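See below for the structure under consideration.
The values are calculated or read from the model by the stated rules, or taken from the named source; none is laboratory data. Everything numeric in this text was worked out from a predicted model, so none of it was measured. Don't worry about glycine lacking a Cβ; one is built from the backbone with ideal geometry, like all the others, and counts go over all protein chains shown. Surface areas here come from the heavy atoms of the whole protein model, side chains and all, with no ligands, DNA or RNA. Shrake-Rupley method; radii C 1.70, N 1.55, O 1.52, S 1.80 Å.
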Amino acid sequence: MDDAKLGGLQGDPQGTIYISEIQNKARGTKDHKWVALNRGNLYLSMVIHLPPPIPHKSNVQTYLERYDLEVVGALALICTLHEMSIPGACLKWPNDVWVKGHKIAGFLAEHGGPLPGSKEDKHLFVLGMGINVNSDMRRNPDLIGIATSIRCENGGVVTSRETVLAEVCNKLEFYLGLSHEDLFREASKFLLFRAKQKVRVQPVLGGKMFSATVEELQEDWCIIVRDTNGQQVRCYSHDHSLRPMPSSAIYVYSGRMADSWKARLILNSLKSVVDTSQFFVDALNDEKLAEGIWQKDAVLMVIGELNPKESKTVENFAPIQKFIASGGSVLLIKNKTEQIFPNIVVPAQPLEQSGPLSEVYFCDKNFTALTTGSALTFNPDAKSEVIGQYNSHDSGSPSAVLVKVGAGKCAVLGFNIEITYNDVDTVSNLTEIDKISDSLSKTIVTRDDYLNYVISFLIKQ
């Protein structure tokens, strides 16, 4: 941003781009830190010439043109993503692009003052773009549950950054030519926040976060919300930050009987792949499990591999049995059904294998999974549906099954889907860790797709 501003004032023509592979002093809106250390993405700043700006009525140091320019950048990317078959891309007010609750890009416009010697009295603006293209943002330990990338949303396909940049620039020309009124109408089509949506509002300059309901977005990019006391609040991006407030929750059992390490990995995986603008993902300990309050907003309970050193009986899971009997959904990962539900048995036995890795097939896809440590396969009956197979589309052993339990549904996975290439160095009794990690990394996004595929049988996303 600083280099582009200097270059613009020294005569760089409209559209000049300053680009870097990484940045160690990247900045975002409101001086927020922007993580730009992941290779394979687009970090750039563009010189833009515009007419003299008009001070914004909410703040004389802020210009409507700055908001417009950030929206122009976001819309250019959103349309590019839609053409790439990523239809969930939307405008997270005011200047981010989100996909299923995860940030894929951010835009920052800054005013650089009058252009020296401009015969048309033009002013300099710099439009900064940070677009996550090919990095595996879901496995970045600092961005779990926060960020995604085009690769993560496009089946793991490595995308040409040059093509993305060219497409965004072509669309920038179109959106830069729109009037403010037309730009507002276009932005309204892609907004994340809609009327009557529940949100959390955080004042930027301190103050307590509060819950509110969105009423409308106004043409000066102000969002009107109403708090729980009925008070109307005008929110501008320089003084308020908004986030969705999901009404449904996915819980991961993390009590005494859980393998705490694997429960944490499951939590991270879910936060990275489900739509966190729709679903709240959280851990559930024994105390909260017994209280039962969680059942009010729960749509899915996930139970990872249990700790073999902890004593357990089916009575320990009585609240979960009640939950699924009344229509809830449960996902078991490397657990036998009879460990949780007293009257449901899906016959299971250890998977026969010659190494620590197996291919898991579903639909027309497959990925590599770690199946060491007595992975399970199943002998489903007529009441069960196979939703994954080991090592073959047609003749492989079932790796996952779906079964009805009372009024609810239960999916059972026979392997530790939560263990990724980032985690294999902590798995005991493994050799050739680098080779295993490399194999897992090649199909990691398909593994994410499979987790969402399994969840789709249990809840509506």
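Using a Förster radius of 51 Å, what is the FRET efficiency between A318 and E216 based on their Cβ-Cβ separation? Nearest 0.05, please.
Once the sixth-power term is evaluated, E becomes 0.65.
Stokes-Einstein at 10 °C, 1.306 mPa s, Kirkwood radius from Cα pairs: D for the stretch 237-304 in µm² s⁻¹?
123
Any chance you could look up the accessible area of E315 with a 1.4 Å probe, heavy atoms only, rounded to 10 Å²?
Accessible surface of E315 is approximately 130 Å².
Can you give the Kirkwood hydrodynamic radius for the stretch 151-202, in Å, rounded to one decimal and based on Cα pairs?
14.2
Taking only the alpha-carbon atoms of the chain, what semi-axes of the equivalent ellipsoid follow from 5 times the gyration tensor eigenvalues under a square root, in whole Å, largest first?
On the way: eigenvalues 428, 134, 61 Å².
Over the Cα atoms of the chain, the ellipsoid semi-axes are 46, 26, 17 Å.
Output the relative contact order of the chain, whole-number percent, from Cα pairs under 8 angstrom with separation of 6+ residues.
Result for the chain is 10 percent.
Return the calculated 222 nm mean residue ellipticity for the chain, to the nearest 500 deg cm²/dmol, obtained by summing -39500 (n - 2.57) across DSSP H runs with n ≥ 4 and dividing by the residue count. Numbers along the way, then the final one.
Values: 10 runs with 108 residues, N = 461.
That comes out to -7000 deg cm²/dmol.
Keeping all protein chains in the complex and leaving out DNA, RNA and ligands, what accessible area do you get for Y361 with a 1.4 Å probe, in Å² to the nearest 10?
For Y361, solvent-accessible area is about 50 Å².
What does the C-alpha gyration tensor say about the overall shape of the stretch 89-181? Classify as rounded when a/c is under 1.5, otherwise prolate if a/b is larger than b/c, or oblate.
Prolate is the answer for the stretch 89-181, as a/c is 1.5 or above and a/b outweighs b/c.
In the chain, carbon and sulfur make up what percent of the accessible area (probe 1.4 Å)? Don't jump to the answer; show the numbers that get you there.
Details: 10370 of 20830 Å².
Here it works out to 50 percent.
Longer than 21 Å from Cα to Cα, which of K100/K460; K100/K262; K334/K442; K100/K196; K271/K309; K262/K309 are they? Say none if no pair is.
With Cα atoms farther than 21 Å apart: K100/K262; K334/K442; K271/K309.
Based on the Cβ-Cβ distance from A290 to R185, what FRET efficiency comes out when R0 is 45 Å, to the nearest 0.05?
The pair A290/R185 has a calculated efficiency of 0.30.
Taking R0 as 25 Å, what's the FRET efficiency between V157 and I433 from their Cβ-Cβ distance, rounded to 0.05? The partial results should precede the final answer.
Values: r = 27 Å, r/R0 = 1.06.
After rounding to 0.05, the efficiency reads 0.40.
Can you give the relative contact order of the stretch 171-287 as a percent, counting alpha carbon pairs under 8 Å and 6+ residues apart?
Computed over the stretch 171-287, the figure is 19 percent.
As a test of the definition: which semi-axes, in Å, follow for the stretch 380-431 when you take the square root of five times each eigenvalue of its alpha carbon gyration tensor? Largest first, please. Show your work: numbers first, answer last.
Values: eigenvalues 151, 48, 12 Å².
Each semi-axis is √(5λ); the values are 28, 15, 8 Å.
Once label points are set 7 Å from the Cα along Cα→Cβ at both D227 and E352, what is their separation, rounded to one decimal in nm?
Label-label distance for D227 and E352, simple model: 6.7 nm.
Name the long-range amide H neighbours of G128: under 5 Å, sequence gap of 5 or more, or other chain; modelled H, no Pro or chain starts.
So G128 has HN proximity to M46, L108, A109, E110.
Share of Cα-Cα pairs in the stretch 356-461 beyond 17 Å, in percent? Spell out each step's value before the answer.
Values: 2948 of 5565 pairs.
Counting every Cα pair in the stretch 356-461, those more than 17 Å apart make up 53 percent.
For S260 paired with K119, estimate the spin-label separation in nm (one decimal), with each label point 7 Å from Cα along the Cα-to-Cβ line.
Roughly 7.3 nm, to one decimal.
Which whole-number value in Å² is the accessible area per residue of the stretch 274-411, probe 1.4 Å?
It amounts to 47 Å² per residue over the stretch 274-411.
Rg over Rh of the stretch 200-336, using C-alpha atoms and the Kirkwood radius, what does it come to? Please report the intermediate quantities before stating the final value.
On the way: Rg = 19.1 Å, Rh = 17.3 Å.
Ratio of gyration radius to Kirkwood radius for the stretch 200-336: 1.11.
For V302, list long-range residues whose amide hydrogen, built 1.01 Å from N in the peptide plane, is under 5 Å from its own amide hydrogen.
Y251, V252, Y253, L331
Run through every distinct alpha carbon pair of the stretch 17-172 and return the Kirkwood hydrodynamic radius in angstroms, one decimal place.
Over the stretch 17-172, the inverse of the mean reciprocal pair distance is 16.1 Å.
Using θ = phi - 60° and the Karplus curve 6.51 cos²θ - 1.76 cosθ + 1.60, what whole-Hz ³J(HN,Hα) does each residue of the stretch 94-107 get, with Gly and Pro shown as x?
In residue order, the calculated couplings are x, 9, 10, 10, 10, 10, 6, x, 10, 6, 10, 6, x, 10 Hz.
Taking the alpha-carbon distance from K25 and a cut-off under 16 Å, which lysines remain once sequence neighbours fewer than 8 residues away in the same chain are dropped?
Straight-line reach from K25, under 16 Å: K5, K33.
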